[in-house]
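Some notes on the structure that comes next.
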Amino acid sequence: MSRREQEVVVSSGAPGGLIADVASETGGMLGEVEEIRARGYWELVWRRFKRDKVAIISGIFIILLIAIAFGGAPIAQHYIGHGPSDIFVEPPAVQPLSLLPANPGTWINNPYKDNARQILLLGAANRLGQDEFLRLLYGARISLEVAGLSTLGVMIIGVILGATAGYFRGWVDTIISRITEITMAFPVLIFVISLAATVGPQLNNITFGFFPKGVLTLVFIFSLFGWFYPARIMRAQVLSIREKEYVEAARMIGASDVRIIRSHVLPHLVAPIIVYSTLIVAGYVLFEAGLSFLGIGIPVTTPSWGNLLATAPEFYTTRPLLMIWPGLAVLLTTLAFNLLGDGLRDAFDPRSSH
C-alpha cells in the first residue's frame, strides 16, 4: 500500500479526522444543517419585482395618482372653495381686453361665497375662468374610471372567449376566431363619430347616479371593440396549458371540463392577465384623451384631460402652460402604467427580460 493510500485510511478511520476536515470547510459541525425554507411562487415574483426600481416608482406614482384623483380632488375643492366647473368671467379670472385666461397664482373674488378671496393655483383653463388645477384633478378621475372599467370589461370578455377557444378548439375555436377577426377589422373611430352625432347625448346621460357623463359610453365602446387583444393572448396561453401533463392527468381521472378550466387553466392565466391589464390601461388613458380632444369623447362640460388639451391650443402662444399641464399628466400616467407592466412581465417571467 502506498503512503498516500495509508494516509486516506488513517484519516477516514480516525473519529475526528474526516469529520473535522468537513466541519472546518463548512464553518461548523457536520451535524448542524442550516434550515432551508422553500419560497412560494408569489414570493419569488415579489423578490424579482422589487429589484426593478423603475417599476416600483411607477407603481407608487399610480397609487398616489389614484389617491389624488378620488380622495384629493374633493379635499382640494373643499379647501380652495370652488368647484372645477364654477365660472369666473369677471377680471382677473379673465382679462377684459384680450379675454385670456388668468395666469397661475391669480387671486380672484368668488361670487359664490360672498366674494371671498381665492386663488387659481394653475390659472384659469379657458375663457370661462374655470380652475385649471381642479379640472386636472377631476380629469384624472375621469381617465382612471374610463381606463379601469374598460380594462375590466375587455379582460372579462377576452379571457372567457380566449380560454374557451383555446381549450375546446375545433368548431368553437373557429367561430370565436372569426368573430375576433371581424372585431379587429371593425372601424371603431368611424363608429364612435357616428354614435356621437346620433345617440351620443342620450347615451352620455346614462350615469347610474354617480358616474360623470360620457364615462359609461366610452366604457361600453372600448369593452365592445377592445376584447380581441386579450382574447388572442389567452387563447395562445390555453392552447399551451391544455397539453400539459397535469391537465392530461386530470382528464384521465374523469375531471369535467369545467373543473379542469377552473382548477388547472385559469390559475395559470393570472400572470398574463395582470401583466396585460396594466399595459391595456395605458392605452385606454391615451384613447380617452384622444377622443375627448376630437370632441367625440367626454362632453365638454365635464372636466377631462382630453377636453383640457382641446381648448389649450387656442392660447398656445400666450398661455402655453395650458397645453403642458394636461399633456404632462397624460404622458406620466401612460408611461407609469407601461413601465409597471414591463416590470410585472419580467417578474412573472424572468426569461422575457433576456
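A few comments on the model shown:
- Most fluctuating residue given options 146, 275, 247, as computed from a GNM of the chain linking Cα atoms under 10 Å: 247
- Region 213-354, dipole about Cα centre (Lys/Arg Cβ +1, Asp/Glu Cβ -1), debye to the nearest 20: 260
- Length available on full extension from residue 351 to residue 57: 0.36 nm per residue minus the Cα-Cα distance, which gives 103.6 nm.
- Of the listed residues 192, 258, the order by accessible area with a 1.4 Å probe, largest first, is 258, 192.
- Estimated at 0.36 nm per residue, the fully extended path between residue 116 and residue 85 surpasses their Cα-Cα distance by 9.4 nm.
- Carbon + sulfur, % of accessible area of region 197-350 - ligands and nucleic acids excluded, 1.4 Å: 68
- Highest-fluctuation residue, 303, 313, 230 considered, GNM on the chain with Cα pairs under 10 Å: 313
- Judged by the ratio a/c of the largest to the smallest principal axis of the C-alpha gyration tensor, region 281-346 counts as oblate, that ratio being 1.5 or greater while a/b is no larger than b/c.
- Modelled spin-label separation between residue 103 and residue 171, with each label point placed 7 Å from Cα along the Cα-to-Cβ direction: 7.4 nm.
- Exposure of residue 245 as accessible area (Å², to 10), given a probe of 1.4 Å and all protein chains: 140
- For residue 225 and residue 318, a Förster radius of 25 Å and the Cβ-Cβ distance give a FRET efficiency of 0.05, rounded to the nearest 0.05.
- Modelled spin labels at residue 185 and residue 274, positioned 7 Å past Cα toward Cβ, are 3.8 nm from each other.
- Overall form of region 231-333 per C-alpha gyration tensor (a/c, 1.5; a/b vs b/c): prolate
- Of the DSSP H helices in the chain, those whose Cα atoms cover at least 27 Å axially and whose Kyte score averages -0.5 or more: 132-168, 270-293, 321-348
- Under the criterion of Cα pairs below 8 Å and six or more residues apart, the relative contact order for the chain equals 20 percent.
- The phi-based Karplus calculation (6.51 cos²θ - 1.76 cosθ + 1.60; θ = phi - 60°) puts the 3J(HN,Hα) values of region 202-214 at 5, 5, 5, 6, 7, 10, 6, x, 9, 7, x, 4, x Hz, whole numbers, x for Gly and Pro.
- The chain: C-alpha gyration tensor shape, a/c 1.5 cut-off, then a/b vs b/c: oblate
- Considering only 319, 39, 48, the mean-square fluctuation computed in a Gaussian network model of the chain, springs between alpha carbons under 10 angstrom, is largest for 39.
- Computed extension length for residue 252-residue 335: 25.2 nm, one decimal, from 0.36 nm per residue of separation with the Cα-Cα distance subtracted.
- Computed over protein heavy atoms with a 1.4 Å probe, the accessible surface of region 107-246 works out to 49 Å² per residue.
The values are calculated or read from the model by the stated rules, or taken from the named source; none is laboratory data. Just so you know, these numbers come straight off a predicted model, no measurement behind them. Methodologically, a virtual Cβ is constructed for each residue, glycine included, from the backbone with ideal geometry; neighbour enumeration extends over all protein chains shown. Heads up: the accessible areas ignore ligands, DNA and RNA and are worked out on the full protein's heavy atoms, side chains in. Shrake-Rupley method; radii C 1.70, N 1.55, O 1.52, S 1.80 Å.
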